[in-house]
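What follows is a set of notes on a single structure, which appears directly below.
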Amino acid sequence: MAEKFNGLIPQEEWLDVGFQVRRPNDPLDGLVGDIRTGNIMAKWQSIAAEYQTSIMAQFHAFDVEANKTIRVPVDTHNIKKALIKVKIDQSELLQEYINNGVQGDDELKDYVLNDGIRLADQVFTRSKVAKAEMLATGRMTIKENGLDLPVDYGVPASHSSFELDLSPEADVDGQIQSIIDAATDVGVTLTGFITSRKNITKMRRNKSLQTAINGNIAAGALVSQAALYAHFEQEFGLSRIVTHDLTYGAAAKLGNDGRPVIDRKRYFPDNKISFFVTDPAGYVGTGLWGDPPETRLAGFYPVNASGEAPYVYVTQKMEWDPAVLWTKASGLFIPLLYDPNSLWIATVKPSDVSSQSDVSSQSDSQPAKAAAKK
């Protein structure tokens, strides 16, 4: 008699899971890529050194010794390897599938495989949250499950303390020009920004932008998105404008009615505008994926049939007492910002009544400017 499927799937069959890290509708993937590496620290140092400011060599007379240059040090003392993992009680799910009418070993096996794929996607989701935090704040924090690991990318405080007033009466062009000028002073030519669609709408309703784009008689008329983007490209060289309004489930639990209660959060805050300059490939940084501890287990297959390793590994383990089969997805991930000077972050002032009145009184006395708080 053939043995009934117990939920365990041969490890080699899991090795085709965990490769689809990119999501077609995710704006973050277009700005922060993903690289699979066997040594995160070494790769970090190699990439960081590549994006250092170029140092000039000097002319020499013939037959004289060349001046010795230096290797620019890369600060790695605050870089931590971050392990992302999640598991699920497969035995409980398997029984639930059977109770719901799923029959046959092949069909049950497909359901178990899909569980593993969903677990891998949860690991990918945490990586997207980390990428978004890096772009929105210039740093990344891991403060969960007893961990407190800050990752500082060296973005100067003055780069992330700008404020933007997008109220209808504010001088938006003047404020953006202040950020452009500050970046230019340190040799950076900004090429785009990422923000929420809400902030784009505020800009389209701004009177100074309406006048600058369509003339005095157009004040009060909503500017088209295409016209706004063309204006930013022509006036400031900001040719790449990315909007991000996607959300994720930060936490989930079962409610009193047995239904899941999911705490939804935004990947990218709706009150931030992050200006950036990208490399020739269009990226601000990349996500480095390494080998989780599972790859060191005896008998574990480190690559799939193509010879490539996945970003996220899915494994299973049966516990004896109580008898429980666990399915787990894990990945080693850290986002990397290519150049600390490539990111300039502004916080949008709240548009409540009190702040609007304050802004109006200030705009009567002096032009609105993006102010760096030191």
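The values are calculated or read from the model by the stated rules, or taken from the named source; none is laboratory data. Predicted model, so just to flag it, every value in this text is computed and none were measured. For neighbour counting, all protein chains shown are included, and Cβ atoms are generated from backbone atoms with ideal geometry for every residue, glycine included. Please note that ligands, DNA and RNA were not included when accessible areas were found on the heavy atoms of the full protein model with its side chains. Shrake-Rupley method; radii C 1.70, N 1.55, O 1.52, S 1.80 Å.
Yes or no, residue by residue, for (1) modelled with pLDDT of 85 or more; (2) closer than 30 Å to D165 by Cβ; (3) among the hydrophobic types (A, V, I, L, M, F, W, C); (4) part of a helix (DSSP H, G or I):
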{"position": "V303", "(1), (2), (3), (4)": "no, no, yes, no"}
{"position": "P310", "(1), (2), (3), (4)": "yes, no, no, no"}
{"position": "K317", "(1), (2), (3), (4)": "yes, no, no, no"}
{"position": "A329", "(1), (2), (3), (4)": "yes, no, yes, no"}
{"position": "T347", "(1), (2), (3), (4)": "yes, yes, no, no"}
{"position": "S355", "(1), (2), (3), (4)": "no, yes, no, yes"}
{"position": "V359", "(1), (2), (3), (4)": "no, yes, yes, yes"}
{"position": "S363", "(1), (2), (3), (4)": "no, yes, no, yes"}
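Residues that are more than 16 Å from the chain's Cα centre (by Cα) and over 24 Å from A329 (Cβ atoms) within region 272-292 comprise D279, P280, A281, listed in sequence order. I need the full set of residues from region 158-193 which are assigned to a helix (DSSP H, G or I) and under 28 Å from G220 (Cβ atoms), in order please. Selection gives V172, D173, G174, Q175, I176, Q177, S178, I179, I180.
Go over the candidates S127, S158 one by one and state the one that is of a type in the set (S, T, N, Q), touching a residue at least 12 places away in the same chain (Cβ under 8 Å), surrounded by fewer than 17 Cβ atoms within 10 Å (Cβ to Cβ) and over 18 Å from F232 (Cβ atoms). Criteria check complete, one pass: S158. Which of the numbered conditions does K369 fail, given that it passes all the others? Conditions: (1) farther than 23 Å from V186 by Cβ; (2) modelled with pLDDT under 80. Tallying (1) farther than 23 Å from V186 by Cβ; (2) modelled with pLDDT under 80, K369 fails exactly one: (1). Select from region 214-235 the residues that are open to solvent by 40 Å² or more (accessible area, probe 1.4 Å) and either closer than 22 Å to I180 by Cα or not small (G, A, S) (or both) and list them in ascending order. Those that are open to solvent by 40 Å² or more (accessible area, probe 1.4 Å) and either closer than 22 Å to I180 by Cα or not small (G, A, S) (or both): N214, N216, I217, L222, Q225, A226, Y229, E233, Q234, E235. Give region 260-271 a look and list any residue that's open to solvent by 40 Å² or more (accessible area, probe 1.4 Å) and either touching a residue at least 24 places away in the same chain (Cβ under 8 Å) or of a type in the set (D, E, K, R) (or both), or say none. Of everything in region 260-271, those that are open to solvent by 40 Å² or more (accessible area, probe 1.4 Å) and either touching a residue at least 24 places away in the same chain (Cβ under 8 Å) or of a type in the set (D, E, K, R) (or both) turn out to be D263, R264, K265, R266, P269, D270, N271.
Of the residues in region 9-30, how many are open to solvent by less than 20 Å² (accessible area, probe 1.4 Å), closer than 19 Å to P335 by Cβ and not acidic (D, E)?
Matching residues across region 9-30 total 3.
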